[in-house]
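Worksheet: the structure to be examined is printed underneath.
No lab work stands behind these numbers, since they all come straight from the coordinates. Not measured: the values here are computed from a predicted model. So basically every Cβ, Gly included, is an ideal-geometry build from the backbone, and we count neighbours across all protein chains shown.
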């Protein structure tokens with residue numbers, strides 16, 4: 001990577017029905033929105049097909065926006081074991097797609113992401129969306145899934161900066 005070019009980070013919010021993604025560019029302390037969206041395989045498809053669509057969609061986003069690093073939100077424990085297992089499969093796609101592209105992949109708990117963007121780990125989706133609109137005004141209105149993904153990318157950018165100051 002050229003030292004004069006901003007670092008691109010893709011943030012991913014895993015979900016089998018809707019996986020949010022967001023790409024930001026980091027230039028020093030400045031964050032710039034690059035792109036965001038949602039990959040939403042049809043519920044009527046076979047489970048394996050839904051996972052394939054998710055994986056291939058992520059690979060296309062990575063190829064198109066050329067991030068240098070990836071960050072994925074960790075899943076929270078669900079009382080429904082079957083739902084948690086399915087979410088785990090979607091999360092695996094979110095970990096493997098950037099790894100296959102050669103990107104380092106970091107993982108962040110939802111509370112860490114919320115604290116990085118809103119200031120409190122107990123923030124709700126509306127608060128996260130509100131702060132994304134303030135921090136990345138060129139992103140416009142986003143879906144909750146895309147806002148969460150952009151928040152993951154921002155949390156990673158903050159964590160990188162904190163590590164560089166500590167070094």
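Using a/c under 1.5 as the rounded threshold, could you call region 22-78 rounded, prolate or oblate? The axes a ≥ b ≥ c are square roots of the C-alpha gyration tensor eigenvalues, and prolate needs a/b larger than b/c, oblate otherwise.
On the way: a/c = 2.85, a/b = 1.81, b/c = 1.58.
Note, shape of region 22-78 comes out prolate.
Our summary gives region 101-167 a relative contact order of 32 percent, counting only alpha carbon pairs under 8 angstrom and 6 or more residues apart.
Can you give the convex hull volume per residue for the Cα atoms of region 1-137, as a whole number of Å³? Display every interim value, and only then the final one.
Details: hull volume 15.6 nm³, N = 137.
For region 1-137, the hull spanned by Cα atoms encloses 114 Å³ per residue.
Peptides 21-27, 120-126, ordered by how many other C-beta atoms sit within 10 Å of their residues on average, highest first, read 21-27, 120-126. In region 47-167, Cα pairs under 8 Å separated by at least six residues give a relative contact order of 25 percent. Taking the Cβ of each residue in 62, 154 as the centre, tally the other Cβ atoms inside 10 Å and list the residues starting with the fewest. Fewest-to-most ranking of 62, 154: 62, 154. Per residue, the chain reaches -16000 deg cm²/dmol at 222 nm when only DSSP H runs of four or more residues are counted, each adding -39500 (n - 2.57).
Counting other beta carbons within 10 Å of each residue's own, what order do 89, 33 fall into, fewest first? List each step's numbers first, then the result.
Values: 89 15, 33 19.
Fewest-to-most ranking of 89, 33: 89, 33.
Which order, highest average first, do 105-115, 44-54 follow once you tally other Cβ atoms within 10 Å for each residue and take the mean per peptide? Don't jump to the answer; show the numbers that get you there.
Numbers: 105-115: 18.8, 44-54: 14.2.
Answer by packing, highest mean first, reads 105-115, 44-54.
Between the helical axis of 125-135 and the longest alpha-carbon principal axis of the chain there is an angle of about 30 degrees.
Relative to the longest principal axis of the Cα atoms of the chain, the long axis of helix 81-100 lies at roughly 50 degrees. What share of the DSSP beta bridges in the chain is antiparallel, in percent to the nearest 5? So the antiparallel bridges amount to about 65 percent of the total.
Find the all-direction average of the projected area of the Cα convex hull for region 63-102, expressing the result in square nanometres with one decimal place. Write out the running numbers ahead of the final one.
Numbers: hull surface 12.4 nm².
For region 63-102, averaging the hull's shadow over all directions gives 3.1 nm².
Sorting 42, 86 by the number of Cβ atoms found within 10 Å of their own Cβ, with the fewest placed first, yields 42, 86. Given a Förster distance of 30 Å, report the FRET efficiency between residue 130 and residue 35 from their Cβ-Cβ distance, rounded to the nearest 0.05. It comes out at approximately 0.90.
Note down the Stokes-Einstein diffusion coefficient of region 88-167 in µm²/s, whole number, using a Kirkwood radius over alpha carbon pairs, 37 °C, and 0.692 mPa s. Working shown, then result.
Numbers: Rh = 13.5 Å.
It comes out at roughly 243 µm²/s.
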